[in-house]
Amino acid sequence: MKKKYINVGLIGYGTVGKGVVKILGENKKIVLRKVGKPICIKSICDLKPIDKPELYVKNFRDIIKDPEIDLIVELIGGYEPARTVIIESLKAGKNVVSANKAVLAKYWDQIFTTAQIYQKSIYYEASVGGVIPVVQGLSEGLASEEVFEIKGILNGTTNFILSEMKKHCVPYEEALKSAQKAGYAEANPSFDVDGIDTANKLAILASLAWGSWIKVKNIPLVKGIADLDIEDILITQDFGYDVKLIGSAQKTKDGIDMSVQPCLINYDHAFTTVENEYNAIMITGKDSGDVLFYGKGAGQQPAASAVVSDIINLSKSIITNTVGIIPDVVYDSKKKIKILPIGKSKSPYYLRFAVIDKAGVLSKISGILAEFKVSIARSLAQLNINGTDYGRIIIITHETHLEDLEKALKQINATKSIVKHKTVKIKIEV
Ligand code: HSE
């Protein structure tokens with residue numbers, strides 16, 4: 001029997017869920033033109049009763065077992081019951097749309113193996129980069145590419161905070177409050193500001209690019225923005241750099257060099273124009289060269305827009321009976337990708353030494369750096385700041401192995417007669 005419409009069951013009616021209902025309501029004509037049939041929300045499940053009592057369902061399993069529902073949209077967030085919803089839906093023969101990066105990154109294998117066994121699809125565009133079609137871009141637009149590198153500003157909240165710090169010259173804590181007021185940062189902002197959200201998104205993109213499940217726990221360095229000092233943001237501006245939280249994964253002959261950390265970006269790089277809640281992702285392929293994706297990475301409507309696009313695209317496969325014939329994510333569960341140990345990662349660095357202003361400090365620091373093969377590209381000494389004995393020495397290094405730099409810094413930091421507190425170190429992206 002031919003389908004007259006596509007029935008959707010929505011599980012999780014928070015900010016994004018409400019946005020999805022709004023867009024499906026407002027863009028009915030666009031949907032009809034693209035799918036050829038209307039898309040209807042048949043049921044909505046949430047913990048609390050909702051503003052549409054006629055659609056409300058208390059138990060998500062009632063949606064999963066409803067034979068009239070074609071497609072389930074999981075917008076709960078977190079690990080459970082989101083994972084259960086996705087797995088049980090696929091097993092019950094439903095197709096799934098999800099925006100849940102945490103659950104996808106953690107249960108990649110289970111989710112895509114289940115989808116393959118039950119010949120169903122799961123679309124998850126909104127899980128990475130909000131409205132930016134980077135999942136589709138990578139898996140379809142760049143399907144032919146051998147990917148060399150993925151580099152991105154993948155978290156809108158932290159990018160908003162960094163923009164606020166720069167714009168108003170305020171410390172991190174104050175900028176975080178503005179992000180909370182603007183509705184980007186959660187009351188407990190750890191998932192965003194500690195880099196975990198970026199790590200999840202990077203793991204998803206890297207798994208897609210290299211056909212293997214790259215686990216978040218195997219990313220050797222995940223560092224957020226919480227201890228960034230406004231002093232360093234201002235100093236590095238004078239050196240021609242902007243600070244961004246970057247997730248990057250780059251193929252090297254010894255493994256994938258992967259990290260999440262605040263980085264300095266040269267002012268002539270496109271990433272420095274990415275402000276506030278915007279995200280950008282640069283994918284570099286063998287034949288494509290650099291491909292840049294840009295757009296709103298956080299916020300209700302951008303995320304909801306990506307979810308609705310997934311619903312539309314999935315509905316087309318449901319109508320044409322082509323869902324799951326060829327798996328959407330193909331990967332070899334036995335293929336292990338080597339990740340480069342972080343110490344072997346090579347980069348230039350910005351260093352700020354808080355020094356005691358006395359004879360020989362500069363030569364002592366440069367001597368220890370040289371001992372560990374860390375070569376200096378530029379330096380600036382500002383001593384006797386505001387008439388005190390506090391001074392700072394800024395050093396920009398040439399490319400160095402992180403392990404060599406860390407050994408040198410350990411020795412310098414332990415020399416209490418020259419440094420006042422721990423040296424600040426920020427990677428420079430090249
Ligand atoms: N908390 C996320 C961010 C939302 O700030 O980017 C979108 O994934």
> In region 296-322, what residues are on the phi > 0 side of the Ramachandran plot and over 24 Å from the mean Cα position of the chain (by Cα)?
Replying inline: N321
>> Taking the criterion of being within 30 Å of I256 (Cβ to Cβ), in contact with a Lys or Arg (Cβ under 9 Å, 6 or more places away or on another chain), in a loop (DSSP other than H, G, I, E, B) and not aromatic (F, W, Y), would at least one residue in region 348-355 satisfy it?
In response: yes
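Filter region 401-428 for residues that are assigned to a loop (DSSP other than H, G, I, E, B) and buried (at least 18 other Cβ atoms within 10 Å of the Cβ) and give the result.
Selection gives I418 alone.
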> Any chance region 59-71 includes a residue that's of a type in the set (A, V, I, L, M), surrounded by 18 or more Cβ atoms within 10 Å (Cβ to Cβ), part of a loop (DSSP other than H, G, I, E, B) and touching a Gly at 6+ places or on another chain (Cβ under 8 Å)?
Replying inline: yes
>> Here are the criteria: (1) touching a residue at least 24 places away in the same chain (Cβ under 8 Å); (2) more than 16 Å from the ligand (Cβ to nearest atom). Tell me which single one D238 does not satisfy.
In response: (1)
>> Could you check region 118-142 and list, in sequence order, the residues that are of a type in the set (A, V, I, L, M), open to solvent by 20 Å² or more (accessible area, probe 1.4 Å) and within 16 Å of the ligand (Cβ to nearest atom)?
In response: V131
> Only one of these conditions is not met by F191: (1) crowded, with 22+ Cβ neighbours inside 10 Å; (2) touching a helix residue (DSSP H, G or I) at 6+ places or on another chain (Cβ under 6 Å). Which number is it?
Replying inline: (1)
>> Just checking, does region 81-99 include any residue being open to solvent by 70 Å² or more (accessible area, probe 1.4 Å), modelled with pLDDT of 95 or more and in contact with a strand residue (DSSP E or B) (Cβ under 9 Å, 6 or more places away or on another chain)?
In response: no
> Would a scan of region 132-141 turn up a residue that is in contact with a Ser or Thr (Cβ under 6 Å, 6 or more places away or on another chain), modelled with pLDDT of 95 or more, of a type in the set (V, I, T) and under 29 Å from I312 (Cα atoms)?
Replying inline: no
>> For region 262-271, give me each residue that is within 25 Å of A126 (Cβ to Cβ) and either among the basic types (K, R) or more than 16 Å from the ligand (Cβ to nearest atom) (or both).
In response: A270
> Can you tell me which residues in region 165-188 are under 25 Å from L221 (Cα atoms), among the acidic types (D, E) and either open to solvent by less than 60 Å² (accessible area, probe 1.4 Å) or more than 10 Å from the ligand (Cβ to nearest atom) (or both)?
Replying inline: E173
>> I need the full set of residues from region 70-110 which are of a type in the set (A, V, I, L, M, F, W, C) and within 20 Å of the chain's Cα centre (by Cα), in order please.
In response: L75, I76, A82, V97, A99, A102, V103, L104, A105, W108
> Is there any pair linking a residue in region 347-372 that is without any contact (Cβ under 8 Å) to a residue 24 or more places away in the chain to one that is assigned to a helix (DSSP H, G or I), with Cβ under 9 Å and at least six apart or on different chains, and which?
Replying inline: A370/A408
> Are any residues in region 364-400 open to solvent by 50 Å² or more (accessible area, probe 1.4 Å) and in a loop (DSSP other than H, G, I, E, B), and if so, which ones?
Replying inline: K373, S375, L383, N384, T388, D389, H398, E399
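When you look at L340, is it open to solvent by 40 Å² or more (accessible area, probe 1.4 Å) and either out of contact with any strand residue (DSSP E or B) (no Cβ under 6 Å at 6 or more places or on another chain) or away from the ligand (no atom under 16 Å from the Cβ) (or both), yes or no?
no
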> Exactly one of (1) buried (at least 21 other Cβ atoms within 10 Å of the Cβ); (2) more than 23 Å from E186 (Cβ to Cβ) is unmet by E74. Its number?
Replying inline: (2)
> How do the pairs read when you match residues in region 379-396 that are closer than 13 Å to R352 by Cα and not assigned by TED's automatic domain parsing to the domain that holds L234 with residues anywhere that are of a type in the set (K, R) and surrounded by 15 or more Cβ atoms within 10 Å (Cβ to Cβ), using Cβ under 6 Å and keeping only pairs 6 or more apart or on different chains?
Replying inline: Q382/R392; R392/R352; I394/R352
> So which residues in region 272-284 are open to solvent by less than 30 Å² (accessible area, probe 1.4 Å), more than 24 Å from W210 (Cα to Cα) and either within 16 Å of the ligand (Cβ to nearest atom) or of a type in the set (F, W, Y) (or both), if there are any at all?
Replying inline: V274, E277
> In region 194-235, which residues are open to solvent by 20 Å² or more (accessible area, probe 1.4 Å) and within 16 Å of the ligand (Cβ to nearest atom)?
Replying inline: D194, I196, V216, V222, A226
> Of the residues A115, A102, which is within 16 Å of the ligand (Cβ to nearest atom), outside any loop (DSSP other than H, G, I, E, B) and of a type in the set (G, A, S)?
Replying inline: A102
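The values are calculated or read from the model by the stated rules, or taken from the named source; none is laboratory data. All values derive from a computational prediction rather than experimental measurement. Ideal geometry is used to build each Cβ from the backbone, glycine not excepted, and the neighbour counts take in all protein chains shown. Accessible surface areas use protein heavy atoms only, side chains included; no ligands, DNA or RNA. Shrake-Rupley method; radii C 1.70, N 1.55, O 1.52, S 1.80 Å.
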